[in-house]
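S.K.: Here it is, the structure in full.
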Amino acid sequence: MAVNEGVKRVYEVKVASGATSTAEVDLGAHYSRALIGIPTSWTGGDVRLQVAENTGGTFKSLYGSTTARWSVSAAVSGAFVPVENVGRYVKIESSSAPSADSTFYIIGVE
C-alpha cells in the first residue's frame, strides 16, 4: 500500500499565540475519515474540532459515535489522530491558548 493511498488533500492551519482556535477551514468536501496532525511543540490545552454547515455559519462541537465530544488531550503532541465524519467547514479549537503560534495539519483521507 502506498503511503498516500486514500489521501485527498492536506491542509495546514494555525492557532496563533494567545488564540484558542484556527480560522475557518474549507475542506472542499465532507470526509468520512481524516487525520489531525498535532504539533510537536503544542503548548495549548485539549484539542477539539468544531464544524459548521455553511461558510461563516455557527460552529458547533464535533461529537464522536458516542455522546462524547471529540477531543485530544493536551499531553498528546507530535502525533496524527484519526477522526470520523468531518464536515466541510471546520475549526480546530483549544481549551487554552498556546504560548506560541502552532501549526496543525488536517488530512482528508476519504
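S.K.: Just the residues that are hydrophobic (A, V, I, L, M, F, W, C) and under 18 Å from LEU27 (Cα atoms), please, taken from region 44-69.
M.R.: Answer for region 44-69, where residues must be hydrophobic (A, V, I, L, M, F, W, C) and under 18 Å from LEU27 (Cα atoms): LEU49, VAL51, ALA52, PHE59, LEU62.
S.K.: Still on this structure, I have one more. Within region 27-53, restricting attention to residues that are among the charged types (D, E, K, R) and assigned to a loop (DSSP other than H, G, I, E, B), which residue is surrounded by the most Cβ atoms within 10 Å (Cβ to Cβ)?
M.R.: Looking at the filtered set, the residue picked out is ASP46.
S.K.: Looking only at residues that are outside any loop (DSSP other than H, G, I, E, B) and in contact with a Pro (Cβ under 8 Å, 6 or more places away or on another chain) in region 54-110, which one is surrounded by the fewest Cβ atoms within 10 Å (Cβ to Cβ)?
M.R.: Per the stated criteria, the residue is THR103.
S.K.: In addition: Assuming GLY18 fulfils every condition listed in (1) among the small types (Gly, Ala, Ser); (2) outside any loop (DSSP other than H, G, I, E, B); (3) under 16 Å from THR103 (Cβ atoms) apart from one, which condition is it?
M.R.: (2)
S.K.: I'm told VAL15 meets every condition in (1) in contact (Cβ under 8 Å) with a residue 60 or more places away in the chain; (2) exposed (fewer than 15 other Cβ atoms within 10 Å of the Cβ); (3) of a type in the set (A, V, I, L, M) except one. Can you identify the failing condition by its number?
M.R.: Condition not satisfied by VAL15: (2).
S.K.: A follow-up question, please. Please find, among ALA75, ALA34, the residue that is touching a strand residue (DSSP E or B) at 6+ places or on another chain (Cβ under 7 Å) and at pLDDT 90 or above.
M.R.: Exactly one residue qualifies, and that residue is ALA34.
The values are calculated or read from the model by the stated rules, or taken from the named source; none is laboratory data. From a predicted model like this one, the values you see are computed outputs, not experimental measurements. Every residue, glycine among them, receives a Cβ derived from its backbone with ideal geometry; neighbour counts consider all protein chains shown.
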